[in-house]
1. State yes or no: is ILE194 aliphatic (A, V, I, L, M), near the ligand (Cβ under 9 Å from one of its atoms) and assigned to a helix (DSSP H, G or I)?
2. Condition first: among the acidic types (Asp, Glu) and closer than 23 Å to GLY183 by Cβ. Can you find one or more residues in segment 46-62 that meet it?
3. Consider ARG46 carefully, then state whether it is modelled with pLDDT under 95 and in contact with a strand residue (DSSP E or B) (Cβ under 9 Å, 6 or more places away or on another chain).
4. At least 2 residues that are farther than 14 Å from ALA152 by Cα and within 14 Å of the ligand (Cβ to nearest atom) in each: list the helices (runs of 4 or more DSSP H) lying fully within segment 223-310 that qualify.
5. Would you mind telling me which numbered condition in (1) in contact with a helix residue (DSSP H, G or I) (Cβ under 8 Å, 6 or more places away or on another chain); (2) within 14 Å of the ligand (Cβ to nearest atom); (3) modelled with pLDDT of 95 or more LEU27 fails?
6. Taking segment 311-332 as the search range and keeping residues that are more than 19 Å from the chain's Cα centre (by Cα) and not in a helix (DSSP H, G or I), which one is farthest from PRO149 (Cα to Cα)?
7. Is there any pair with a first residue in segment 147-173 that is surrounded by fewer than 18 Cβ atoms within 10 Å (Cβ to Cβ) and a second that is of a type in the set (Lys, Arg) whose Cβ atoms are under 6 Å apart and which are 6 or more apart or on different chains, and what are they?
8. Just need a number here: residues in segment 99-126 that are of a type in the set (A, V, I, L, M), more than 11 Å from the ligand (Cβ to nearest atom) and in contact with a Leu (Cβ under 9 Å, 6 or more places away or on another chain).
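The values are calculated or read from the model by the stated rules, or taken from the named source; none is laboratory data. Model, not experiment: these values are computed from the prediction. Here the Cβ is made from the backbone with ideal geometry for all residues, glycine too, and neighbour counts use every protein chain on show.
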Amino acid sequence: MSNKVFELMKDMEHEQVVFCHDPHSNLKAIIAIHNTTLGPALGGTRMWNYNSDDDAVIDALRLSRGMTYKAAISGLNLGGGKAVIIGDPALKGEALWRRYGKFVNSLNGKYITAEDVNTSASDMEFIHQETKHVTGIPEYMGGSGDPSPFTAYGVFVGMKACAHKRWGNDNLNGKKVLVQGVGHVGHYLVGHLIEAGAKVFISDINKDRIKETADKFKVEFIEPAEMLNVDMDIYAPCALGATINSESIPKLRCSIIAGAANNQLAEEKVHGRQLIEKGIIYAPDFLINAGGLVNVAAEASGSYNREKVTKDVEKIYNRILDIFTLSEKEDITTQEAAMQIAQKRIDDVAHVKSRL
Ligand code: NAD
């Protein structure tokens, strides 16, 4: 792979990839900066025990590219970046986060970090000791805390837009929804769905999280291996990416896919098209899961207002409907339609910036 990094960067149009290493804290991190046309690259840091360094590189490249489009389509003046730390999340600690914070600082604000899978607001607190280029810091430090409730709310709002498109109204009462992954986002999403009267099923691989969500909301647990056998109206992937693939699509029994996970389609064009052929409405991941980014962007801007953030997150509803309209008009997938709108904004702003 090492000899392929530049090929991948060229194919996916990345600006910069930074490899960080510190033997003392056992830090192995990759910071991928995709595009900074709209502003500094903002994106979370994920910690994961990757099977190989190659897997970590690919994840960082794909996730950072998604952030560019997410910021662009959400009307934010931010570029796309993301970082991954290779290692066991159980072994994270102060030295690792502070050393990592120094690497982030060395980029002088070109990259701003935040939480992601297996990283929390308290980890951001350690990073903050070494750099100001971090957002999503705890509320007691003047930050906005965990962005996940906003991500979950955005997914809920986007799911309602999908329901409106499919059934002519956005009432989720009685709809069968399977939430795959009841972590930070999935747990809050289940809360919104229960409140809306949906019949919720959950699936996860973490026993503590299953118990916490099942006990609190009295929802039914489905074993991961059985997940695709469930007859559901809506599938909400809220775990990891690429769950929509050639193996799962033929088995999926749902009308809508609307969830928080990044990079849900294993192959964007192929699987986006297969969903259309199967009559499944797909909410582009980087659009529907932008609520958390909207929240941390507001914190990073220095003028945070929770009510305004909530209203901004609600804009996901109409943005999703716009995507459906464009996708039908141009006979393209919803993912392609969303990327087209995001890319147009990036090109328009680049044009404006190049003028006096
Ligand atoms: P999290 O780590 O808190 O939760 C993920 C959950 O998925 C965990 O409970 C984990 O046990 C479960 N899981 C992992 N593999 C699974 C499998 N094979 N089957 C079922 N469950 C599985 O992460 P999170 O912050 O809730 O984020 C969830 C997804 O949403 C991620 O893809 C993340 O990148 C994306 N996302 C999160 C945010 C945010 O604000 N946290 C924002 C945008 C996108």
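1. No, not satisfied.
2. Yes, segment 46-62 has at least one match.
3. Spelling it out, it is not the case that ARG46 is modelled with pLDDT under 95 and in contact with a strand residue (DSSP E or B) (Cβ under 9 Å, 6 or more places away or on another chain).
4. Counting at least 2 such residues, we get 291-301.
5. Condition (2) is where LEU27 drops out.
6. Within segment 311-332, the match that is farthest from PRO149 (Cα to Cα) is ASP331.
7. That search, which allows pairs on different chains as well, returns ASP170/LYS160.
8. Number satisfying all stated conditions: 1.
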